[in-house]
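Peer 1: Take this structure first; my questions come after.
Just so you know, all these numbers are worked out from the coordinates, no wet-lab data involved. Not measured: the values here are computed from a predicted model. Reconstructed Cβ throughout: ideal geometry from the backbone, glycine too, with neighbour counts over all protein chains shown.
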Ligand SMILES: N[C@@H](CCC(=O)N[C@@H](CS)C(=O)NCC(=O)O)C(=O)O
């Protein structure tokens, strides 16, 4: 059995999308971050970092860190992991997303919501960093349909944050290749379901 501890956040949606793609049965255990459930003793026993998502795989053990969960499920099932050099690219983009892009887009999103002055120096700096990320992704997707050639967990890793970012008015009319990629991904039933599935206890 696969049990996913998660919540309705960009990071928390990633493994749901993949679980919907691969079609293995799984259960959801909501971890209400607003209520502080991530600090509960039982949850800390699963992830001492007190962060969602966490996957408990009865066949393999407990794993946290969203992109590690994606990698685990993809290698376990042999799906969405790429072949040959594509697989190397999949791993590369997982590390890039988790190691720097998540932080850059996440920090910018946070500051945008907090700082009223659009010219606040901190906001300007982070807008530039986020913009650089979006330009790199736009250039990449201008030459290919998905991050690593075929649709893979690399796309799933980037999807929730890039979807949120593209919904911002400031990007209206920009990044056509990124938007086309987003539409391709959103047309997949598992992706659409992964974004809308209620995060409620399923067992
Ligand atoms: N790099 C981690 C980030 C995990 C993370 O920051 N999760 C957030 C929700 S998106 C969380 O659990 N926050 C709880 C808290 O801040 O107390 C991953 O990809 O899994």
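Peer 1: Quick one: order 32, 117 by neighbouring beta-carbon count within 10 Å, fewest to most.
Peer 2: Placing the least packed residue first, the sequence is 117, 32.
Peer 1: For the chain, what does the convex hull of the Cα positions come to per residue, in cubic angstrom?
Peer 2: 125
Peer 1: With the crude spin-label approximation of a point 7 Å out along Cα→Cβ, what separation in nm comes out for residue 60 versus residue 200?
Peer 2: It is 2.9 nm.
Peer 1: Next question, about the same structure. Rounded, prolate or oblate for the range 55-109? Axes are the square roots of the Cα gyration tensor eigenvalues, ordered a ≥ b ≥ c, and the cut-off for rounded is a/c under 1.5.
Peer 2: Oblate shape, in that a/c is at least 1.5 and b/c is the bigger or equal ratio.
Peer 1: Need the C-alpha centroid separation for the range 7-32 versus the range 151-192, integer Å.
Peer 2: The range 7-32 and the range 151-192 have Cα centres separated by 18 Å.
Peer 1: Now a separate question. Mind giving me the nanometre distance, one decimal, between the label points for residue 34 and residue 88, set 7 Å out from Cα along Cα→Cβ?
Peer 2: Here the modelled spin labels are 4.6 nm apart.
Peer 1: Further question: For the modelled label position 7 Å from the Cα of residue 138 along Cα-to-Cβ, which residues of the range 88-125 have backbone nitrogen atoms closer than 11 Å?
Peer 2: Backbone N within reach: none found.
Peer 1: Shifting gears a bit: As a test of the definition: which semi-axes, in Å, follow for the range 51-160 when you take the square root of five times each eigenvalue of its alpha carbon gyration tensor? Largest first, please.
Peer 2: The answer is 30, 19, 8 Å, longest axis first.
Peer 1: Can you put 91, 1, 166 in order of Cβ neighbours within 10 angstrom, beginning with the fewest?
Peer 2: Neighbour counts put them in this order, fewest first: 1, 166, 91.
Peer 1: With r as the distance between the Cβ atoms of residue 192 and residue 41 and R0 = 41 Å, compute the FRET efficiency 1/(1 + (r/R0)^6) and round to 0.05.
Peer 2: After rounding to 0.05, the efficiency reads 0.70.
Peer 1: When the chain is fully extended, how far beyond the present Cα-Cα distance does residue 75 get from residue 184, taking 0.36 nm per residue of separation?
Peer 2: 36.9 nm
Peer 1: Using mean Cβ contacts within 10 Å as the protection proxy, how do 68-80, 39-51 order, highest first?
Peer 2: Ranking the peptides 68-80, 39-51 by packing returns 68-80, 39-51.
Peer 1: For 145, 13, what ranking results if the residue with the fewest other Cβ atoms within 10 Å of its Cβ goes first?
Peer 2: Placing the least packed residue first, the sequence is 145, 13.
Peer 1: Taking the simple approach of a point 7 Å from Cα along Cα-to-Cβ for both residue 171 and residue 27, what is their distance in nm?
Peer 2: 3.7
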